[in-house]
1. What is the extension gain from residue 170 to residue 211, computed as 0.36 nm multiplied by their sequence separation minus the C-alpha to C-alpha distance, in nm to one decimal?
2. How far is it, in nm, from the label point at residue 218 to the one at residue 278 when both lie 7 Å from their Cα along the line to the Cβ?
3. Okay, which of region 262-295 sit inside 12 Å, backbone N to the point 7 Å along the Cα-Cβ direction of residue 73?
4. What's the FRET efficiency of residue 238 with residue 139 using the Cβ-Cβ distance as r and R₀ = 51 Å, to the nearest 0.05?
5. If you count, for each residue, the other Cβ atoms within 10 Å and average over each peptide, how do 78-87, 94-103 line up from highest to lowest?
6. List the relative contact order of region 143-295 as a percent without decimals, with contacts defined as Cα pairs under 8 Å and 6+ residues apart.
């Protein structure tokens, strides 16, 4: 993003699952010796960010085949209206693109990584395998990630800001649950006013010279079934009576498990993944449908 401040390095013992709610107006690089024998940097960033006005027209329901779940039943509508927590996927849902694909394209490996992403989101390969394979194709360094964030602001999906505001006005808690990386999701959360403790996502790891060394495998979203684990954890901690998951991929659908989401809404306004859409409780192509149904 524009105007990012320079990074600073503070030595601490790694506790990658702990994130503080206070917004910090600069990147902080945290040093750890617990991941490998070499020091590892965890990059986190918070500040006010601007988003790009969507220039890509979202998909609509016309011309994409017939689905019998594009209209909500009274039971589904009641669940949606009474939800005390809503969890959103980020890539191709809250945002118009897949963050890892964008970063890979920026680093010169766009097509190869996009092919892996399509396989992962369709559910044909374990997520952790696809994540490791994609990162190995371009191994983003810390300077590359910082330059990417500075020059490519998030592309927010039309209507998502209004929807989040509407949910928050109803005292509904909003979460972001993503197989993407906190480095790219923190700016999105800042735009939408979602606190860092309501983010469940992966973390890129860097060596002491800023070289890529991997990702934090302790994050639940780093593996298949991870979003379901995150949702179950959220529900157990807070005791929500009605929880909704909204996303476009197979990993989002997995969140609808016992103790997890009561309702899975497939958002196909960016990507229509038929294998996922057909199993959704409710299929929508526009966030306006969800906004209007709250009234």
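1. Answer, rounded to one decimal: 10.4 nm.
2. Roughly 4.1 nm, to one decimal.
3. Residues passing the 12 Å test: 281-282.
4. Step by step, r from the Cβ atoms, then E = 0.85.
5. 94-103, 78-87
6. Normalised by residue count, the contact order of region 143-295 is 16 percent.
Values in this text are rule-based calculations from the coordinates and carry no lab data. Note that the structure is a prediction, hence the values are computed from the model and not measured. Because the Cβ atoms are built from the backbone with ideal geometry, glycine has one as well, and the counts that use them run over all protein chains shown.
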